[in-house]
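Only one structure is covered here, and it is reproduced in the block below.
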Amino acid sequence: MAKRKKARADAKKDENVVNFKIGETLVEPTVGICQLEGIRRIEMDHVVENYYIFKAQNARVLVPRSQINKRGIRQPMTKDDVKKIFAFLKIPVSPTRSDARIQYMSYRNVMKSGDPQKITKLLRDLYTLDQLDELKGKEREIMDQARRFLCDEIAYVRGASKTSIMERINESLRTMYKKKVQKEREKQKKQAVTDLEELEKFPFAAKRAPEEDIDSE
């Protein structure tokens, strides 16, 4: 009985420290939108610690108290945050390539962070590469994962269907890529005009004087 009371007291103490309440809707990077179902005292490798239980639609994740901050668990975005994400989705990007293994690990770290702005930037990069037919390996899988992650959270925040939000995300990405193409065309036109002006400054060699007729002897 005393142990149970102590466990409940410790759980309550942990709850206050991280400012999460049981039953609260949160975002856990590995499962997305979820609820804090409870706090359980668990012994793991001879170490007793409070574990936070996060329940998503089709998954349940246990996170030790010591890892809560490192895991990037947070409250959902606000409606103003969502507006910024949609605006961010429409900004053209020019992805850069690096070592495939390093780049893949970078993608994974972004997804593990659960940071909506970083995930939005990742989604724009991968969508642009997809339009250029340059996706490699598991990049398409990560792109789809990033899109679903944003969709689920935004649908929750706006109280809208995932279908409508997914279409809005895709529309924003299409707008972003059209802006990119248009911007590059305008840049090419300006470059062509500049090149022409440079040529006009340095005309071709003067016309050759007509050769004199030489009478054969």
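The values are calculated or read from the model by the stated rules, or taken from the named source; none is laboratory data. All figures in this text were calculated on a predicted structure; none of them were measured in a lab. A quick note on method: Cβ atoms are made from the backbone with ideal geometry, for glycine too, and the neighbour counts reach across all protein chains shown.
A residue that is within 28 Å of residue 80 (Cα to Cα), touching a Gly at 6+ places or on another chain (Cβ under 9 Å) and of a type in the set (S, T, N, Q) occurs nowhere in the stretch 145-156. What residue, among those in the stretch 94-134 that are among the acidic types (Asp, Glu) and over 17 Å from residue 154 (Cα atoms), is surrounded by the most Cβ atoms within 10 Å (Cβ to Cβ)? Among them, the one singled out is 125.
Residues checked against (1) at pLDDT 95 or above; (2) over 24 Å from residue 156 (Cβ atoms); (3) of a type in the set (Ser, Thr, Tyr):
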site: 27; (1), (2), (3): yes, no, no
site: 36; (1), (2), (3): yes, no, no
site: 43; (1), (2), (3): no, yes, no
site: 46; (1), (2), (3): no, yes, no
site: 50; (1), (2), (3): no, yes, no
site: 58; (1), (2), (3): no, no, no
site: 67; (1), (2), (3): no, no, no
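Within the stretch 6-25, the residues that satisfy the criterion of being at pLDDT below 55 and not aliphatic (A, V, I, L, M) are 6, 8, 10, 12, 13, 14, 15, 16. Residues in the stretch 69-78 that are closer than 24 Å to residue 158 by Cβ and either touching a helix residue (DSSP H, G or I) at 6+ places or on another chain (Cβ under 6 Å) or surrounded by fewer than 11 Cβ atoms within 10 Å (Cβ to Cβ) (or both): 72, 76, 77, 78. Only one of the numbered conditions (1) assigned to a loop (DSSP other than H, G, I, E, B); (2) in contact with a helix residue (DSSP H, G or I) (Cβ under 9 Å, 6 or more places away or on another chain) is not met by residue 154, and that is (1). In the stretch 111-121 there is at least one residue matching the filter, namely being assigned to a loop (DSSP other than H, G, I, E, B) and in contact (Cβ under 8 Å) with a residue 60 or more places away in the chain. Pairing residues of the stretch 193-204 that are assigned to a helix (DSSP H, G or I) with residues that are modelled with pLDDT under 75, at Cβ distances under 8 Å and at least 6 apart in sequence or on separate chains, gives no pairs at all. Scan the stretch 65-94 for residues that are under 24 Å from residue 170 (Cβ atoms) and either out of contact with any Lys or Arg (no Cβ under 8 Å at 6 or more places or on another chain) or basic (Lys, Arg) (or both) and the total you get is 11.
Quick one: in the stretch 32-79, which of the residues that are in contact (Cβ under 8 Å) with a residue 40 or more places away in the chain and more than 23 Å from the chain's Cα centre (by Cα) is farthest from residue 117 (Cα to Cα)?
If we take residues in the stretch 32-79 being in contact (Cβ under 8 Å) with a residue 40 or more places away in the chain and more than 23 Å from the chain's Cα centre (by Cα), then 50 is farthest from residue 117 (Cα to Cα).
From the list 138, 187, 201, 207, the lone residue that is exposed (fewer than 13 other Cβ atoms within 10 Å of the Cβ), in the same structural domain as residue 91 (by TED's automatic domain parsing) and modelled with pLDDT under 95 is 138.
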